[in-house]
Amino acid sequence: MPEHLLSMLEAALPWLALVSLASLALVAIAVPVIVVELPAGYFARAERGKFPWWARHPLVRLPFRLVKNALAVVLLAIGIALLVLPGQGLLTIAVGLLLLDFPGKYHLERWLICRPRVLGLFNRIRARAGKPPFDIVEAP
């Protein structure tokens, strides 16, 4: 490998370590918060329920969705980079996908939560926070 590439990689290593630690911290904080804050019946319906008023109001919804999707794209890009760099690439990609709006997302979430190990883990997180377990209707 050329000498200048090695020196560039050595200079970037502290930044890569920082990005890796930051993504790990973000995932470690965001996943439990999201799991605890979701209503117990969130996955009990075959279709997504109605959104609150702020999610229907266009002056609030559009900026919120733009920021949320931009954050999701950044997390996806970081997660993909962390697949080959040290860090939690798969977890970061998963959080990015859960934030991103795309057709069929709710069905993907329901399919994922119906996996026994995932449901068990999420319900343990909810139990520690004093929340009831998720009500699940089996995915079609």
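Bear in mind these aren't lab numbers, they're just calculated from the coordinates by the rules spelled out. Remember, it's a predicted structure, so these values are computed and weren't measured experimentally.
Values computed for the structure shown
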| quantity | calculated |
| --- | --- |
| Rounded to 10°, Cα long-axis angle of helix 116-128 versus longest principal axis of the chain | 80 degrees |
| Whole-Hz ³J(HN,Hα) from phi, Karplus 6.51 cos²θ - 1.76 cosθ + 1.60, for region 31-38, glycine and proline x | 4, x, 5, 5, 4, 6, 7, 5 |
| Whether region 66-123 is rounded, prolate or oblate, judged on the alpha carbon gyration tensor where a/c under 1.5 counts as rounded | oblate |
| Helix-only mean residue ellipticity at 222 nm for the chain, each DSSP H run of n ≥ 4 adding -39500 (n - 2.57), per residue, nearest 500 | -23500 deg cm²/dmol |
| Correct option for P(r) over Cα pairs in 10 Å bins from 0, in percent [calculated from the coordinates] among (1) 12, 40, 30, 11, 6, 2, 0; (2) 11, 31, 34, 15, 7, 3; (3) 11, 43, 37, 8, 0 | (2) |
